[in-house]
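Heads up: the structure comes next, in structure tokens.
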Amino acid sequence: MRIAQVVPMYEAVPPKGYGGTERVVSYLTEELVQRGHDVTLFASADSCTAARLIPTVDHALREHTTAEEIQELAAPLHLAMLSEVFQYANDFDIMHCHVEYLSFGFAPFVRTPSVTTLHGRLDFPYLKSVLRRLSDTALISISHHQRAPLDEVHPHWVGTVYNAVPVSEFPFSTHAGKYLLFVGRISPEKRVDWAIEIAKRSGMPLKIVAKIDPCEQDYYENEIAPLLDHPLIEYVGEADERTKRELMQHAYALVFPINWPEPFGMVMIEAMACGTPVLALNRGAVPEVLRHGMSGFIGQSIEDLVDAVPYVTQMDRRLVRYEAERRFSTRAMADNYEQVYRRVIAERQRDQLAIALGAHPRRVPISA
């Protein structure tokens, strides 16, 4: 198949640091190329890929642009980028977009079918209004929980495909380390303060690998920094991919005490690929990703996770890694996306044949 992968301009593919969407797209793109597909990646010029790269910007925006400039320029820049990208539509069998709702207005005006994977949370009221008007847009969710807020307003879900990692590239250890690990962003919904509380109450050292977005600097300084002055707590900062994987490999467990409707949670499967169990609160897609007692422990409260800490040593880290390989490998993800691509292409061909035979394309009335 001739496949276009269209990603945002914020990070390179793969990202140099934090960046879940771009990392998943990188894994998918490289796997599809290995399978013999003709893949074109529309991304920043500083991306690295075995696919054909068509640059959409000279450098990833977060590398050379302030947060204020990104907020002001992101929408017009991405809309201009998409207007150019869709001019290439006839070169492909399918276009796979990862820019949230921004591509929806372009897709109906080209013959090539497109699909959009939504990578973020979907419980925002404006999305319902948008998708009522674009109910033919082919959408892919990254978990069943993620799509639930839109199920009643959008009938054209063409699949749920879980994110993945190249498991064989992650270092593995059969031995539990001597520290807990938090990986993510410093933000209220990620609850690093709860991770610190779990570490203190369990008497287990905690390493924090996390980035601080400019918009969260005040939150960090006022709420989190005062908690770091403790002998059990070490703030590592934002680590590169190699360092992050090594820390995961040697961790006792990954702590994932989120307090928001997490649509997936990449760090959970990254830890699992290293054989490291996950201690997570029951929020969002956590119960879809983790199997309680097999790849980690799911709790309803901080107390539950503190109580679970001693039982981590009873888990077989080989089974944790096997769970990642079986369910969240790049092979499994590419298999599922290939099925979606073929189904969407076939659906578009049927629609075009019906139009050629005199049927009218379906139109959905606009309603408030």
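Read the figures in this text as sums done on the coordinates, not as results from a lab. All figures in this text were calculated on a predicted structure; none of them were measured in a lab. As a convention, Cβ positions derive from the backbone with ideal geometry for all residues, glycine included, and neighbour counts pool all protein chains shown.
Quick notes
- Ranked by the mean number of other Cβ atoms within 10 Å of their residues, highest first, the peptides 239-245, 157-163 come out as 157-163, 239-245.
- Most tightly packed first, judged by the mean number of other beta-carbon atoms within 10 Å of their residues, the peptides 186-194, 338-346 read 186-194, 338-346.
- Legend: translational diffusion of region 168-327 by Stokes-Einstein, Rh = Kirkwood radius over C-alpha pairs, 10 °C, 1.306 mPa s; D = 103 µm²/s.
- 26 Å Cα cut-off, lysine pairs counted over the chain (separation 8 or more, or different chains): 18
- Rounded to the nearest 20 debye, dipole of the chain from Cβ charges on Lys, Arg, Asp, Glu: 1280 debye
- When peptides 207-214, 269-276 are sorted by average Cβ neighbour count within 10 Å, with the highest value leading, the order is 269-276, 207-214.
- Amide H to amide H distances under 5 Å link residue 264 with 285, where only residues 5 or more positions off or on other chains count and H is placed in the peptide plane.
- Dimensionless Rg over Rh [the chain; C-alpha; Kirkwood]: 0.99
- Placed amide H near residue 187: partners under 5 Å, 5+ positions off or other chain: 192
- Kirkwood-Stokes translational diffusion coefficient of region 49-140, alpha-carbon pairs, 37 °C, 0.692 mPa s, µm²/s: 222 µm²/s
- Contour minus Cα-Cα distance for residue 126 and residue 227 (0.36 nm per residue): 32.7 nm
- In this structure, the amide hydrogen of residue 43, modeled 1.01 Å from its nitrogen in the peptide plane, lies closer than 5 angstrom to those of 54, 56, counting only residues at least 5 positions away or on a different chain.
- Integer Hz, Karplus 6.51/-1.76/1.60 couplings in order for region 286-294, x for Gly and Pro: 3, x, 7, 8, 8, 10, 4, x, 10
- Summarised as an ellipsoid, region 86-137 has semi-axes of 22, 12, 7 Å, derived from the eigenvalues of the Cα gyration tensor scaled by 5 and square-rooted, with the largest first.
- When the helices of the chain are scored as -39500 (n - 2.57) per DSSP H run of n ≥ 4 and the total is divided over every residue, the value at 222 nm lands at -10500 deg cm²/dmol.
- Diffusion coefficient (Stokes-Einstein, Kirkwood radius over C-alpha pairs, 25 °C, 0.890 mPa s) for region 261-325: 212 µm²/s, rounded to a whole number.
- Neighbourhood charge, 15 Å Cβ-Cβ cut-off, centred on residue 45 and excluding it, Lys, Arg +1 and Asp, Glu -1: -3
- Computed E for residue 353/residue 325 - FRET, C-beta separation, R0 51 angstrom, nearest 0.05: 0.80
- Whole-Å distance, taken between Cα centres, linking region 1-60 and region 287-331: 30 Å
- Over the chain, relative contact order from alpha-carbon pairs under 8 Å, at least 6 apart, %: 15 percent
- Where only C-alpha atoms are counted, convex hull volume of region 1-84 per residue in Å³: 82 Å³
- Our coupling estimate for region 233-249, obtained by passing each phi through the Karplus curve with A = 6.51, B = -1.76, C = 1.60 and θ = phi - 60°, is 10, 10, 8, 7, x, 8, 9, 6, 4, 4, 5, 4, 5, 5, 5, 5, 4 Hz, Gly and Pro reported as x.
- Table column - 3J(HN,Hα) (Hz), region 177-182, Karplus curve with 6.51, -1.76, 1.60, x for Gly and Pro: x, 10, 9, 7, 9, 10
- Of the two radii for region 113-240, the radius of gyration is 1.09 times the Kirkwood radius, both from the alpha carbons; that is the Rg over Rh value.
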